[in-house]
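Have a look at the structure below, then the notes.
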Amino acid sequence: MATARTPQTFNLDRLTTPIGTALLVSDDDGVLRALDWDDYEGRMLELLRLHYGPVTLRDGRAPAEMRKALSDYFKGDLDRLTDVTWRVAGTPFQQKVWHALPKIRPGTTMSYGALAAKLKVPNAMRAVGHANGSNPISVVVPCHRLIGANGSLVKYGGGLERKRWLLRHEGVEI
């Protein structure tokens, strides 16, 4: 019999960016738990529920260092994302994919199949795609850097125009 998860309470802050208002969800330790866009809040809430069970969001400011790092990224200091401390719940495979994504350097992309091969599961490109689509921490865990095998933009939880903008911002022309 499954046990009920303890309800989680996180802080919700908003950050204005060139591509919309980012929703920053952090815990009481100041660790980022989710980053999504205000027009995709329902998606974010569902991902939080899937990963953590019952979640309550209360208005609360994200740590100043996190806000500054994200603002600096959007102003062009692409390496600032590594300064953001984050934590996610998920399956061991999802964790493996999510921890591999920040290793894809800004200005570069990788196909789902190439990431699967790098993770030593070469036939798991669809599973990599599913894990990528379940990533609750947009931008910081850079799911936008995964593209189709033919170089095309495919699926992005925040919309393909945002994915295109993020890649161009990082120096990739798609």
For region 25-37, check the following and say yes or no: at least one residue is over 17 Å from the mean Cα position of the chain (by Cα), open to solvent by 20 Å² or more (accessible area, probe 1.4 Å) and free of Cβ contacts under 8 Å to residues at least 24 places away in the same chain.
yes
Please work out which residue is least open to solvent (accessible area, probe 1.4 Å), limiting yourself to region 148-171 and to residues that are modelled with pLDDT of 95 or more and outside any helix (DSSP H, G or I).
Glu170
Pick from region 40-69, criterion over 26 Å from Arg80 (Cα atoms) and of a type in the set (Ser, Thr, Tyr), ranking: surrounded by the fewest Cβ atoms within 10 Å (Cβ to Cβ):
Thr56
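Residues checked against (1) touching a residue at least 12 places away in the same chain (Cβ under 8 Å); (2) within 22 Å of Ala62 (Cα to Cα); (3) surrounded by fewer than 18 Cβ atoms within 10 Å (Cβ to Cβ):
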| residue | (1), (2), (3) |
| --- | --- |
| Leu81 | yes, yes, no |
| Leu101 | yes, no, no |
| Ala117 | no, no, yes |
| Asn135 | yes, yes, no |
| Ser138 | yes, yes, no |
| Pro142 | yes, yes, no |
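The values are calculated or read from the model by the stated rules, or taken from the named source; none is laboratory data. If you're wondering where the values come from, they're calculated on a predicted model, not measured in any experiment. Note that we place each Cβ from the backbone using ideal geometry, even for glycine, and neighbour counts take in every protein chain shown. Accessible surface areas use protein heavy atoms only, side chains included; no ligands, DNA or RNA. Shrake-Rupley method; radii C 1.70, N 1.55, O 1.52, S 1.80 Å.
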